[in-house]
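Following: one structure in structure tokens, then a few remarks.
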Amino acid sequence: MKGYFQRYGYIAVILLNSAVTFIKSYLFMDLLSKEQLGYIALFQSIIMLISFLQLGVIYGGYRLISFSIERQRRANDAVISYLLLLFIGVCSVLLLISCFTSINWFWIGGVIIGLVTLWNNWISNMHIALGRTNKLSILLLSSLLLSFIAIPVLNKYPLYGAITLIGLQPVFFVVLSYIFNKDFAASFRWKNLTYLRLTIKLGFIPFLTGILHYINLQVERWVISYDLGVKALGEYYLVFVYVGLFAIVPGALGTLNFPKFMKALSNTKNDNFSLIETFKVYYIEVICYLILMSLGTIYIMPWIINLLLPSHNNGVHYVHIVFIGLILFTLIDPISFLINAKLHYKALICIYIGSVLISLSAYAFLYINKMGSLVNYSYVNVLFYSSITIGYLFYFFTIGRKSLYKS
């Protein structure tokens with residue numbers, strides 16, 4: 001019972017975080033012009049691009065700790081050492097570029113917040129792998145509330161305030177985590193690099209699939225910006241907000257369930273952590289979430305947007321289109337985690353490469369034939385998510401059937 005209380009307490013905090021994130025987005029859409037919203041979308045794209053540089057060490061370290069808590073110290077040392085080297089490398093590149101041309105603060109801010117966000121993600125994953133979901137919930141809530149000190153800046157200087165509001169929460173979370181988790185302190189030794197190779201080996205393919213997913217997101221933003229203009233990107237901003245909010249709970253469920261998958265693999269005789277039991281519970285949670293989101297998206301969201309953000313009413317139609325793809329994509333989350341836990345990495349990469357190629361072909365077709373519109377680009381999202389879903393289902397019920405069903 002205590003385990004379920006911690007589990008759903010964490011989900012409750014995540015939902016609260018989602019609600020607050022929506023409020024932040026509402027403030028952005030209310031106070032910023034559509035052109036400024038376009039710049040915020042590009043700023044968030046920089047943060048995403050920085051995440052590409054982690055090469056899977058965060059997921060690899062998380063996988064190691066989920067499999068065996070005794071590996072926490074070495075995994076933490078390896079990941080933090082890599083993040084430190086990454087910080088030094090990025091700063092060196094920025095310094096080199098500044099010798100030849102001036103660098104806009106906008107890009108520097110995106111790079112710094114991107115690096116802090118990587119650090120934030122690692123610490124969050126370490127909490128979950130170690131079973132400290134109660135402490136994680138408190139720290140997330142505290143950092144969320146502390147980030148509100150930027151609200152006055154948002155009111156006076158909307159663009160600068162929005163960027164500050166985006167960046168403060170991960171900064172506060174990292175600081176608070178080290179204050180309340182003394183064992184998170186890392187030591188920096190060259191032998192950490194040996195263990196680092198193992199973390200990259202375990203995390204690189206899942207990381208690569210994440211990159212392919214991000215590439216699709218980035219192509220969508222840059223195509224809209226180039227083809228239809230930054231203002232159109234601002235008009236589409238509601239979709240970006242919705243997709244980000246929608247993914248929070250499935251992401252949390254996946255992160256919470258993954259250690260159970262790993263424990264089941266390391267101790268198949270323990271009925272409490274059997275793959276079948278975990279798989280069933282995971283699916284029930286996903287279906288319940290999708291039912292609630294369907295009701296909210298179809299009946300409640302249009303009313304809220306019309307009441308609070310009438311200038312973004314057009315965005316509701318785009319959200320309803322993309323929602324179709326999100327449902328399909330979320331339904332195969334438990335399958336994707338099972339394939340991941342079983343190290344069927346070749347299947348993962350093939351499915352994502354094929355789906356991204358289909359999506360890129362659709363974007364190119366629309367652009368070349370001058371058929372680009374926000375409605376058509378929304379349907380490309382559905383095509384991308386549908387391709388991934390079909391790929392996973394085909395592999396799950398055919399090629400990987402025998403090996404995946406064994407616990």
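What is the list of residues in region 343-381 whose amide nitrogen lies under 18 Å from a point 7 angstrom out from the Cα of Lys231, following Cα to Cβ? From region 343-381, the list is 372-375.
Give the residues of region 130-153 whose amide nitrogen is closer than 11 Å to a point set 7 Å from the Cα of Phe180 in the direction of its Cβ. Counting backbone N atoms under 11 Å from the label point, the list is 133-144. In a fully extended conformation the segment linking Tyr367 and Ile276 would gain 28.2 nm over its present Cα-Cα distance, using 0.36 nm per residue. Cβ crowding within 10 Å ranks Trp190, Trp122, Trp107 as Trp190, Trp107, Trp122, fewest other Cβ atoms first. If I compute Rg and Dmax of the Cα atoms in Å from the structure I just sent, which labelled value in [x] 19.5, 58; [y] 21.1, 62; [z] 23.0, 75 lines up? Checked against the structure: label [y]. Over the chain, dividing the summed -39,500 (n - 2.57) contributions of all DSSP H runs of at least 4 residues by the number of residues returns a 222 nm mean residue ellipticity of -28000 deg cm²/dmol. Sequentially through region 106-119, phi angles give Karplus couplings (6.51, -1.76, 1.60; θ = phi - 60°) of 4, 6, 4, x, x, 5, 5, 5, x, 5, 5, 5, 4, 4 Hz, Gly and Pro residues having no value and appearing as x. Between Ser92 and Trp105, the simple label model (points 7 Å from Cα in the Cβ direction) yields a spacing of 2.8 nm.
Annotation: the residues Arg63, Arg73, sorted from fewest to most other C-beta atoms within 10 Å of their own C-beta, follow the order Arg73, Arg63. Applying the Karplus relation 6.51 cos²θ - 1.76 cosθ + 1.60 with θ = phi - 60° to region 375-385 yields 3J(HN,Hα) values of 5, 5, 5, 5, 5, 5, 4, 4, 4, 4, 5 Hz, where x marks Gly and Pro. Based on Cα contacts under 8 Å between residues 6+ apart, the chain shows a relative contact order of 22 percent.
The stretch between Arg189 and Ile304, if pulled fully straight at 0.36 nm per residue, gains 36.1 nm over its current Cα-Cα span.
Using a 10 Å cut-off around each Cβ, can you sort Cys99, Cys288, Cys91 from fewest to most neighbouring Cβ atoms?
Least to most surrounded, the residues fall as Cys99, Cys288, Cys91.
Remark: region 148-158, residue by residue, has Karplus-estimated 3J(HN,Hα) of 5, 5, 8, 4, x, 5, 4, 5, 8, 10, x Hz, where x stands for each Gly or Pro and the curve is 6.51 cos²θ - 1.76 cosθ + 1.60 at θ = phi - 60°. Taking the Cα centre of the chain as origin and assigning +1 to Lys and Arg Cβ atoms and -1 to Asp and Glu Cβ atoms, the resulting dipole is close to 1340 debye.
Where a number appears in this text, it was derived from the coordinates with a stated rule and is not lab data. Predicted model, so just to flag it, every value in this text is computed and none were measured. Every residue, glycine among them, receives a Cβ derived from its backbone with ideal geometry; neighbour counts consider all protein chains shown.
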